[in-house]
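The values are calculated or read from the model by the stated rules, or taken from the named source; none is laboratory data. The model shown is predicted, which means the values in this text are computed figures rather than measured ones. Cβ sites come from the backbone with ideal geometry, for glycine too, and all protein chains shown count toward neighbours. The accessibility values were calculated without ligands, DNA or RNA, using every heavy atom of the protein model including side chains. Shrake-Rupley method; radii C 1.70, N 1.55, O 1.52, S 1.80 Å.
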Amino acid sequence: MMNDDFHSADNLDAFVDAYRHDPTVPPPPESQFAADLIDLTGTLEPDPDFAAQLAQRLHIQPGHLTPDRRSMNGKLSHEEHLMLMPKPVQQPPTRIPWTLAAALVAVLSAIFQAAGGYLIVLVCWPRVREKPGK
Amino acid sequence: MDDDSLSKVSDEQLARVASSDHAAFAELYRRHLSRIYRYVLARVGSVHDAQDLTAQTFEALLHSIGSYRGTGSFAAWLTVIARNIVANYYRSRRSELSLDELLDTPAALPSTDEIVSHRLQLASVLSAIKNLSLEHVEVLSLRIFGQLSTTETALIMARSEAAVKMLLHRALRDLKKQVGVNVVEEVE
């Protein structure tokens, strides 16, 4: 009786492993309940919103959650679809606004004009000062 | 570690680098979220509490992943974290609720469409699990819901593999009986 129990327990344990790897394995009548239970647990997935929120709390970046193609048969779950959606990224400005460019040109031309005037004064001033002495 | 190569890497290798590699941690999360959620759901019988405790498990993992030494199975190591969190949950609940109230707490059901067709069956299973002995609940949660191997389950329960096989055999027999009782009660 005890040996029968051990034998049944061994067979059941082996069946659980085999069925988990290949659910097409036909269950013997005594393992049918175990097969049904494994099938039932296979349907128990956490809520996609919960999974996405938890991933966010764990600082998991959406791009890091690559879908498992083998288990999903190439399909994305709702959760993974949401996670893989590209988030809008704020691009740094690449063009200078026209008003800023115009202001820059105005400032630069003012500097050049002032510098030009200063050069003229610098060149001419000694000559002007020399005149009275002549 | 790039994302494409992650699927080929073992849990243990990922866990060793996960404290500094976000992609490795994300891969572990992706691989084990459902498994841990199912284990916790089998232990507590309520979706809301299962979500809360699953979240606590992964938050604890994030903080303690650096202490994983890579000597044993990562799946078993993570399940032990979840198991401790479930134990703490029952310890704190015991001080708040009487045992009768605990047993009367109805099992909430998942709301996803896929589960609707299994609604009655899942409700009766979760309800029946509450009537099993703690060892039977433990072996079913670890081996069937938590998808651990016999070796990993034996390690966590501190029992021999032969003892785990026998426990599983008896737990399934008892659960089947309990589910049958529940179905009969519902019909009556």
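In region A:16-66, what count of residues is obtained for those that are in a loop (DSSP other than H, G, I, E, B), over 32 Å from the mean Cα position of the chain (by Cα) and among the charged types (D, E, K, R)? Lay out the reasoning, then the answer.
Let us first name the residues in region A:16-66 that are in a loop (DSSP other than H, G, I, E, B), namely A:22-28, A:43-47, A:58-61, A:65-66.
Narrowing further to those that are over 32 Å from the mean Cα position of the chain (by Cα): A:22-28.
After this cut, where a residue has to be among the charged types (D, E, K, R) as well, the list is A:22.
The total comes to 1.
With (1) more than 9 Å from chain A (Cβ to nearest Cβ); (2) closer than 24 Å to residue A:41 by Cα as the list, and residue B:64 as the residue in question, which single condition is left unmet?
(2)
Filter region B:7-39 down to the residues that are in contact with a Lys or Arg (Cβ under 9 Å, 6 or more places away or on another chain) and either at the interface with another protein chain (Cβ under 9 Å from one of its Cβ atoms) or open to solvent by less than 10 Å² (accessible area, probe 1.4 Å) (or both) and list them by number.
In the first step, residues of region B:7-39 are kept if they are in contact with a Lys or Arg (Cβ under 9 Å, 6 or more places away or on another chain); the result is B:7, B:11, B:14, B:16, B:24, B:39.
Hits for region B:7-39 are B:7, B:14, B:24, B:39.
What is the number of the single condition among (1) open to solvent by 20 Å² or more (accessible area, probe 1.4 Å); (2) of a type in the set (A, V, I, L, M); (3) in contact with a Pro (Cβ under 8 Å, 6 or more places away or on another chain) that residue B:62 does not meet?
Going through the list (1) open to solvent by 20 Å² or more (accessible area, probe 1.4 Å); (2) of a type in the set (A, V, I, L, M); (3) in contact with a Pro (Cβ under 8 Å, 6 or more places away or on another chain), residue B:62 breaks only (3).
Looking for something open to solvent by 30 Å² or more (accessible area, probe 1.4 Å), in a helix (DSSP H, G or I) and touching a Phe, Trp or Tyr at 6+ places or on another chain (Cβ under 6 Å) - is there at least one such residue anywhere in region B:143-152? Working first, answer last.
We begin by selecting, within region B:143-152, every residue open to solvent by 30 Å² or more (accessible area, probe 1.4 Å); these are B:147, B:149, B:151-152.
From the residues that got through so far, the ones that are in a helix (DSSP H, G or I) too are B:151-152.
Checking the rest, the ones that are also touching a Phe, Trp or Tyr at 6+ places or on another chain (Cβ under 6 Å) come to none.
Looking for residues that are open to solvent by 30 Å² or more (accessible area, probe 1.4 Å), in a helix (DSSP H, G or I) and touching a Phe, Trp or Tyr at 6+ places or on another chain (Cβ under 6 Å), one finds none in region B:143-152, hence no.
Suppose we keep only residues that are without any contact (Cβ under 8 Å) to a residue 24 or more places away in the chain and more than 7 Å from chain A (Cβ to nearest Cβ) within region B:163-173. Which one would you say is least open to solvent (accessible area, probe 1.4 Å)?
So in region B:163-173, the residues without any contact (Cβ under 8 Å) to a residue 24 or more places away in the chain come out as B:163, B:165-166, B:169, B:173.
Next, from what is left, pick out any that are more than 7 Å from chain A (Cβ to nearest Cβ): B:163, B:173.
Details: B:163: 24, B:173: 112 Å².
Among those that are without any contact (Cβ under 8 Å) to a residue 24 or more places away in the chain and more than 7 Å from chain A (Cβ to nearest Cβ), it is B:163.
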